[in-house]
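A short reminder: the numbers here are calculations on the coordinates, not readings from a lab. For clarity, every value in this text was computed on a predicted model and none was experimentally measured. So basically every Cβ, Gly included, is an ideal-geometry build from the backbone, and we count neighbours across all protein chains shown.
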Amino acid sequence: MKQQLTPATIAEDDKLRSAAMRRLIQSPTTPQPIAQKGAIPPVLVQFWDNSATLPADVQHCLDSWEPLTHQGFSRRLFDEPQALAFITASCEPGHVQAFRRCIHPAMKCDYFRLCYLYYHGGFYVDADEHYQGVDCRCFLQDSQLKIQPLCYDTRTDEMISAEVFMRQRRHADDWIYYVNNNPLIAPARHPVIGRALARATSQLLQPTTSGQSIQSVAGPGNLTASLVVHALTAAAQAVPDFCILPNWDAVSVSPWPLSYRNDERNWRVWEANQIRQHP
């Protein structure tokens, strides 16, 4: 018997999810949002798990965001103990348990940002992003969730530039479409963030997350699945409550290489080592 396609089944199927994301990303028209000024707090939120061992090159990236204070933003940098204290004080007991079960600093970072943004709202950017000087106040002019689209070529093992897959709307069957969880710009209680937090919490509280990648539990894979369910469920909505950013690279870039990416602080290196040790 053929499985009935629902938003949930589409979101949990790799090919169907990518196809749904392609339609969202390459949609030829985007209705203008209804402005709700003040809905997104002007707070830049970042995370590095161990403040005592923060690499100098990552600190340089963090420092690059200081000009936002002249645009009316405040800045908050959390380490793991501060993130746990925030979740304990602001969230539910299950969220505390889920955070404690995160197996890598990158997963803690992924999960913490969902907790913070769902309960407080704000402007989350990864610690290894370097600000390019663009005025960021425009991102706070309405209550839409703002997210960066990504596209990966499975044949060449390379990312496709936004110029190609978004602005030129080119496509190949080997491409996978999804969204990053960096940046995340959202008001408090946004339904996509809430759905992503609930999905990540459910996965983390399972007896085991064996076989699941870090990015799929609480990272971009989790956010993409949550966005697809939300978008398909709210398809009749005249004004979308999320926005696909067309050119985040104009705002911020992630320098390569950075020192931490050569060891297990890089979740990709950590996962590769885990696979080698536990085939």
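Some observations on this one:
- Computed from label points 7 Å out along Cα-Cβ, the spacing between Val253 and Arg137 is 2.7 nm.
- Residue with peak Gaussian network fluctuation, the chain [Cα springs, cutoff 10 Å], from Asp57, Asp249, Asp173: Asp173
- Once the Cα-Cα distance is subtracted from the 0.36 nm per residue extended length, the Leu16 to Leu54 segment shows a gain of 9.7 nm.
- Dipole magnitude for the chain: computed about the Cα centre from +1 point charges on Lys and Arg Cβ and -1 point charges on Asp and Glu Cβ, it is near 800 debye.
- Set against the labelled values (1) 114; (2) 143; (3) 152, volume of the Cα convex hull per residue in Å³ computed from this structure falls on (3).
- Take the Cα of Arg276, step 7 Å toward its Cβ, do the same at His70, and the gap between the two points is 4.6 nm.
- Chain lengthening between His171 and Gln4 when straightened (0.36 nm per residue, less Cα-Cα): 57.4 nm
- Mean separation of Cα pairs under 8 Å and 6 or more residues apart, divided by the residue count, gives segment 93-218 a relative contact order of 38 percent.
- Per residue, the convex hull volume that the Cα atoms of segment 67-189 enclose (Å³): 148 Å³
- Charge tally around Val134: other residues with Cβ under 14 Å, Lys/Arg +1 each, Asp/Glu -1 each, net -1.
- Checking every one of the trypsin sites (Lys or Arg not before Pro) in segment 165-256 against DSSP loop status and a limit of 15 other Cβ atoms within 10 Å picks out Arg169, Arg170, Arg189.
- Ordering Asn181, Pro105, Ala250 by Cα displacement along the dipole of segment 7-277 toward the positive end leaves Asn181 in first place; charges were set at the Cβ atoms of Lys, Arg (+1) and Asp, Glu (-1).
- Once both labels are positioned 7 Å from their Cα atoms along Cα-to-Cβ, the gap between Val96 and Leu84 label points is 1.1 nm.
- Take every pair of alpha-carbon atoms less than 8 Å apart whose residues are at least six positions apart; their mean separation over the length of the chain yields a relative contact order of 27 percent.
- Seen from Cys102, the other residues with C-beta closer than 13 Å to its C-beta sum to a net charge of +1, counting Lys and Arg as +1 and Asp and Glu as -1.
- Highest average packing first - 74-80, 142-148, Cβ atoms within 10 Å: 142-148, 74-80
- Neighbour net charge for Ile214 - beta-carbon separation under 15 angstrom, K R +1, D E -1: +2
- Segment 250-279 and segment 53-89: distance between their alpha carbon centers, rounded to Å: 20 Å
- Amide H contacts of Leu150 (H built 1.01 Å from N, in plane; Pro and chain starts excluded): Tyr178, Val179, Asn180 sit under 5 Å, all sequence-distant by 5 or more or on other chains.
- For segment 151-195: rounded, prolate or oblate by the Cα gyration tensor [a/c cutoff 1.5]: prolate
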